[in-house]
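Before any comments, here is the structure.
The values are calculated or read from the model by the stated rules, or taken from the named source; none is laboratory data. No experiment lies behind these values; they were computed from the predicted model shown. All Cβ positions, glycine included, derive from the backbone under ideal geometry; neighbour counts span all protein chains shown. Accessible surface is based on the protein model in full, side chains and every heavy atom, while ligands, DNA and RNA are left aside. Shrake-Rupley method; radii C 1.70, N 1.55, O 1.52, S 1.80 Å.
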Amino acid sequence: MTGKLIQVALLIANTLALFLTVLLLTRFFMQVFRVPFGNRAGQLVMHLTDWLVIPLRKVLPPLRGFDTASLLPAYLLQVLLLVVVVLLNPGAGVFTPETTLQIAVNGLFSLLRISVYLFILLLFIQVIISWFKPEVLRNHPVSLLTEPLLRPLRRFIPPISGIDLTPLIAFLLAQIILIFL
């Protein structure tokens, strides 16, 4: 393959893997935070991931209440993407145990990074909604997903003149976390 075709193949593989990973992580977090799936966003996530999650649930039981059938394929997608990157690299040699371990660990870090970026996106959406229709946020799926993460911050940072600054602090903390991931 030529260099340009490899770039196109990696772009397509990365985009598809990222899209499906975000959907699977959203499904996972919606279940962890007990966000109802009866809304449009929940229905969309379910329709786009049921084909993968439902068959996996038959062989992957939940682990301590966590939906492994949503989380494991998200992780494996990131690992598979890293394997594709290594295979398409012209200077790549054979897979060694060290390379395999490195890919497994990097897949985990990729999943964590995507989770943080997902949280940042949800915070951004929540802030935009709060500007235009703050009354909608009470039971909105976005705020139900971010609330468990913002609640601890709200204990230390009270609203100032009726304005909640915790999303701003959460953005900052998420950026700090990304530096270390």
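Key figures
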read-out	value
Residue under evaluation Y75, criteria (1) at pLDDT 85 or above; (2) over 24 Å from P55 (Cβ atoms), criterion not met	(2)
Region 7-64, residues that are assigned to a loop (DSSP other than H, G, I, E, B), open to solvent by less than 80 Å² (accessible area, probe 1.4 Å) and more than 18 Å from L77 (Cβ to Cβ)	F33, V35, P36, F37, G38, N39
Meets criteria (of a type outside the set (D, E, K, R) and more than 30 Å from I6 (Cα to Cα)) for Q175	yes
Given (1) touching a residue at least 40 places away in the same chain (Cβ under 8 Å); (2) in contact with a strand residue (DSSP E or B) (Cβ under 9 Å, 6 or more places away or on another chain); (3) farther than 23 Å from A104 by Cα, index of the condition P36 fails	(2)
